[in-house]
1. Can you tell me which residue among B:GLN133, B:GLN176 is in a helix (DSSP H, G or I), of a type in the set (S, T, N, Q) and at pLDDT 90 or above?
2. Please enumerate the residues belonging to segment C:61-87 that are under 17 Å from C:ALA26 (Cβ atoms), touching a helix residue (DSSP H, G or I) at 6+ places or on another chain (Cβ under 6 Å) and surrounded by fewer than 22 Cβ atoms within 10 Å (Cβ to Cβ).
3. Please work out which one of (1) within 21 Å of B:MET79 (Cβ to Cβ); (2) of a type in the set (D, E, K, R); (3) in contact (Cβ under 8 Å) with a residue 40 or more places away in the chain is the condition B:GLU135 fails and give its number.
4. Restricting to segment A:46-60, what's the tally of residues that are closer than 19 Å to A:TRP131 by Cβ and either of a type in the set (D, E, K, R) or out of contact with any strand residue (DSSP E or B) (no Cβ under 9 Å at 6 or more places or on another chain) (or both)?
5. Which of (1) touching a Gly at 6+ places or on another chain (Cβ under 8 Å); (2) over 18 Å from B:ALA257 (Cα atoms); (3) part of a helix (DSSP H, G or I) is the odd one out, the single condition C:ASP110 does not satisfy?
6. I'd like to know if segment B:110-120 contains one or more residues that are within 17 Å of B:LEU57 (Cα to Cα), touching a residue at least 60 places away in the same chain (Cβ under 8 Å) and either in the same structural domain as B:ALA42 (by TED's automatic domain parsing) or assigned to a helix (DSSP H, G or I) (or both).
7. When you go through B:GLU159, B:GLU138 one by one, which is the residue that is surrounded by fewer than 18 Cβ atoms within 10 Å (Cβ to Cβ) and either outside the structural domain of B:ALA46 (by TED's automatic domain parsing) or in a loop (DSSP other than H, G, I, E, B) (or both)?
8. Looking at B:TYR117, B:TYR124, which one is aromatic (Phe, Trp, Tyr) and over 20 Å from B:LEU35 (Cβ atoms)?
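The values are calculated or read from the model by the stated rules, or taken from the named source; none is laboratory data. This is a predicted model, so every value here is computed, not measured. Methodologically, a virtual Cβ is constructed for each residue, glycine included, from the backbone with ideal geometry; neighbour enumeration extends over all protein chains shown.
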Amino acid sequence: MSSELNVPIRSEADLVTARLRGREMASTLHFSSSELTLIATAISEVTRNILSYAGSGELDLRLVRQGQKLGVSIIARDRGPGIPDLFSAMQDGYSTSGGLGLGLPGSKRLMDEFDVASEVGKGTTVTMTKWKM
Amino acid sequence: MADHETLLPESPIPGEEVRRRKEFLEFTDDDVAVLEGVNEVAIRYADSMIDDFYRHLMSFDETRAFFADPALLKHVKEMQKNYFMRLTQGNYDQVYVAERIKIGQIHERIGLPLKSYFGMYCYYLRAVLGRLQEEYKETPEQAFSVFNSLMKLTFFDMELAIDTYVESRERTIKGQEEAIRELSTPVLLLRPGLLLLPIIGLIDTLRARQLTEQLLRSVRSNRARVVVIDVTGVPSVDTKVANHLVQTVEAARLMGAVSIISGIAPDIAQTMVRLGIDLRRIRTVGDLQSGIEEAERQLGYTVVKNDVAESEDGK
Amino acid sequence: MNRARAPILKLGETLIVSVQEALMDADLVGLRDELVAEVKMYRATCVIIDVTVLDVLDSFAARTLRHIAQMTQLLGARTVIVGIQPDVAFAMVQLGLTLQGTETALDLEDALSLLNLKLGRNRRVQ
């Protein structure tokens, strides 16, 4: 199992692949079953955003380390329209009607580290990491 | 994000950290050259050094105990000789680091105390110093130079040794914390379909997550339809904890189980109202007894006291 | 939609949808349409959607499930979603996906007893 993997996102089938690969990679670090599901769900959310708003993009899955901590990092990149109001997008519009909009605050809750860089007209990059405690 | 180094299989300590340590010790390529330069001398002294070293160890009860078995002693002496020789073979790279860490782990695993470990290093350095003074009688500066470089490398090794001991301690502590957490939150099956989760003490995010996970798995394995979460033993509840409780209730509902939170003290209730928790989303009762009665009612039980039988017997 | 991914079984007036594997967006939408058609056709009074197999239920999937449930309910069929696994339930509430307003049960067996539909084996002889 390599420590780095790139998954091109062009169709829904890739979304399923991304979840699977993410789960596989994370499981080599012995995350709990619950944590694996959180990771797979976060991957699903950001990948769906790519498909919905940009049409295509890519995912970089990586095993990372910081000091003695081991973790998995996911970088979701697209060259889509970008997010005009990033601040609002990151607000917890926590809705019981099923997570509207980009679902960014939700994905943030699933992971330990979460960062979004976006430029209108250029694209969006979401970087998220989960550490094995 | 820049600090995150992509994981390589042979780097228990990342390359960046190794570089930093060598820099701090001022261990440079010159030192590497100096040490490589005395490799021949080292080979000559290896056997007598190792014999002296173990004679020292064996003369103390504490360290002798570790090498009581003659086969083990022979093996360890061989390994120690290799260790000694390795110090002057240059190439102190990630592979070197990995090897040193492995040795440290072995010592830690057999229970060799750190003080003995450092005592051994000290004896070792002094023994080498003696040999160097002999070898470079005519040119003492050379002896100093070699000893200087060797000391840096030895301290580098000692730092790696400490790493392994600390890492092992931390793993033990984590394991114990885990065990304590599991012990302190049993999920109890009161009746078919009725689970009770008594929470005692303060809850942090990690504990809350584990409680929820345990509860949800219990709901599945016990086919629970009602869950009573008792918080009588929880002294205080902040926003995070209140949210965790709500999330737990909602997650249990997704699995078809209704939750009743019992034992909410008046001030906790106030906190939750102030925090804007929609108490319509969760069913709460004042105490555990009410909680269980409510749960039993929901499951269709009626609890009847045996008054009739008692009065007949007592008569 | 590929019917094999979520076959719809008919049990009297109850329709049981058994999701076989990860559904893609198009499948979910297709499922909704097909289910609505069958509820109308068979005048179903109950619908059970079994998602036991799904290892992830993200916001899109949750939204669509709710829509499906709302539509079948509007058509007069009581709808229950079953089989959400512990890990999936946990992830869902982290995302704020609570399926509020939609009935849930642990599994098919519980859903059937919830809907008061016994399979007729253990009838007591009075």
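1. Numbers: B:GLN176 fails: at pLDDT 90 or above.
Step by step, each of B:GLN133, B:GLN176 is checked, and only B:GLN133 is in a helix (DSSP H, G or I), of a type in the set (S, T, N, Q) and at pLDDT 90 or above.
2. Result: C:THR64, single match.
3. Here B:GLU135 meets the rest and fails (1).
4. Of the residues in segment A:46-60, 1 are closer than 19 Å to A:TRP131 by Cβ and either of a type in the set (D, E, K, R) or out of contact with any strand residue (DSSP E or B) (no Cβ under 9 Å at 6 or more places or on another chain) (or both).
5. (2)
6. yes
7. Values: B:GLU159 fails: either outside the structural domain of B:ALA46 (by TED's automatic domain parsing) or in a loop (DSSP other than H, G, I, E, B) (or both).
Matching residue, one of B:GLU159, B:GLU138: B:GLU138.
8. B:TYR117
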